[in-house]
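A.B. asks: Here it is, the structure in full.
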Amino acid sequence: MSKIDKEKEYINMLKVYMGILIALLISDISGTVKLFQKEEVDTVFWFGIVSVIALSLAFIKLAKYAHRKIDDLEDL
């Protein structure tokens, strides 16, 4: 397997991980919104808020890393 093919496979795996993060983020946001609408602002709600922030930051970091890897393909 050539180096460029290896890099392409790595980028595809990053896309899969980003998709998983998006799915987790959507489900976490919907659960947190349901708790807010039921006016159940308790520990679980705040844990949901913290996890939304953490998942968002992880997605942003992974997206920046994927873009950097894509830009590095020009050098190969």
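A.B. asks: Kindly provide the set of residues from region 27-63 that are over 11 Å from the mean Cα position of the chain (by Cα) and closer than 22 Å to Y17 by Cα, ordered by number. Write out each step before concluding.
C.D. replies: Keep residues of region 27-63 that are over 11 Å from the mean Cα position of the chain (by Cα), which gives 27-51.
Scanning region 27-63 gives S27, D28, I29, S30, G31, G48, I49, V50, S51.
A.B. asks: Being in contact with a helix residue (DSSP H, G or I) (Cβ under 8 Å, 6 or more places away or on another chain) and hydroxyl-bearing (S, T, Y) is the filter here, so list the residues in region 28-48 that pass it.
C.D. replies: T32
A.B. asks: List, please: which pairs have Cβ atoms under 9 Å, are six or more places apart or on different chains, and start with a residue in region 14-25 that is under 10 Å from L62 (Cβ atoms) and surrounded by 12 or more Cβ atoms within 10 Å (Cβ to Cβ) and end with one that is of a type in the set (V, I, T) and at pLDDT 95 or above?
C.D. replies: So the pair list comes out empty.
A.B. asks: Among the residues of region 27-70, write down those that are of a type in the set (K, R) and within 30 Å of D5 (Cα to Cα).
C.D. replies: K61, K64, R68, K69
A.B. asks: Any residue in region 47-66 that is assigned to a helix (DSSP H, G or I), at pLDDT below 95 and among the β-branched types (V, I, T)?
C.D. replies: No, region 47-66 contains no residue that is assigned to a helix (DSSP H, G or I), at pLDDT below 95 and among the β-branched types (V, I, T).
The values are calculated or read from the model by the stated rules, or taken from the named source; none is laboratory data. Bear in mind that the values here come from a model prediction, so they are computed numbers and not experimental data. No Cβ is skipped: glycine too gets one built from the backbone with ideal geometry, and neighbour counts run over all protein chains shown.
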